[in-house]
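Just so it is clear, none of the values below were taken in a lab; they were calculated from the coordinates. Small disclaimer: the values here were computed from a predicted structure and weren't measured. As a convention, Cβ positions derive from the backbone with ideal geometry for all residues, glycine included, and neighbour counts pool all protein chains shown.
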Amino acid sequence: MASKVTLAEKFGTFTERWAPRIVARYEGHEVRIARLEGEFEWHRHTHDELFLCLDGELDIEFRGRTETLHPGDLLLIEAGEEHRPNARKGEVQVLLLDPADSPNTGDPETATIAVDA
């Protein structure tokens with residue numbers, strides 16, 4: 001049965017940075033939200049990854065270039081492309097789309113698995 005998700009309410013349930021929360025599941029994927037602040041680690045995934053910036057300014061660094069996301073900007077990162085998210089100007093709120101149960105980095109030993117919001 002369909003039910004509405006209010007992202008502002010979901011963001012209000014946590015304050016942790018770099019710890020994605022699942023707000024919906026769709027066709028074997030998880031719709032996740034996260035609060036980001038500061039620099040994350042360089043990593044790559046075996047799957048494509050979608051970032052939608054909801055609030056703040058987020059740099060996604062690639063080897064040799066940087067894409068800056070503002071609210072409403074979407075970026076699709078192809079599988080295998082090394083990248084590093086960097087929220088250098090303060091907190092950023094993002095929506096992510098990833099395959100179910102995939103870690104937030106390409107290294108299962110250091111990764112965090114998203115939990116329900």
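Mean shadow of region 34-103, computed from the convex hull of its alpha carbons, in nm²? Present the calculation step by step, with values, prior to reporting the outcome.
Working: hull surface 16.7 nm².
Answer in nm², one decimal: 4.2.
Below 10 angstrom from the Cβ of D73, what's the summed charge of the other residues (Lys, Arg +1; Asp, Glu -1)?
Working: positive: none; negative: E57, E67.
Summing Lys and Arg as +1 and Asp and Glu as -1 gives -2.
Can you order the peptides 61-71, 34-44 by their average number of other Cβ atoms within 10 Å per residue, highest first?
Working: 61-71: 12.3, 34-44: 16.5.
In descending order of packing, they fall as 34-44, 61-71.
At R0 = 30 Å, how high is the FRET efficiency between D101 and D73 if r is their beta carbon distance? Nearest 0.05 is fine. Please list the in-between numbers first.
Details: r = 27 Å, r/R0 = 0.89.
Calculated transfer efficiency: 0.65.
Shape verdict for region 1-60, please, from the Cα gyration tensor: rounded (a/c under 1.5), prolate (a/b greater than b/c) or oblate. Before the final figure, lay out each step's value.
Details: a/c = 2.14, a/b = 1.24, b/c = 1.72.
It comes out oblate by the Cα gyration axes.
With a ≥ b ≥ c the root eigenvalues of the C-alpha gyration tensor of region 42-82, is it rounded (a/c under 1.5), prolate (a/b larger than b/c) or oblate? It would help to have the intermediate numbers written out before the result.
Numbers: a/c = 2.68, a/b = 1.51, b/c = 1.78.
Oblate, because a/c is 1.5 or more while a/b does not exceed b/c.
If the label point is 7 Å along Cα→Cβ of H47, which residues in region 1-33 have backbone nitrogen under 11 Å from it?
26-32, by backbone N distance to the label point.
Normalised by the number of residues in the chain, what is the relative contact order in percent for Cα pairs under 8 Å and 6+ residues apart? Numbers along the way, then the final one.
Details: 272 pairs, mean separation 37.9, N = 117.
Answer for the chain is 32 percent.
Counting residues in the chain as N, plug N into 2.2 N^0.38 Å and put the Cα Rg over that result. Show your work: numbers first, answer last.
On the way: Rg = 13.4 Å, N = 117, 2.2 N^0.38 = 13.4 Å.
Output field value: 1.00.
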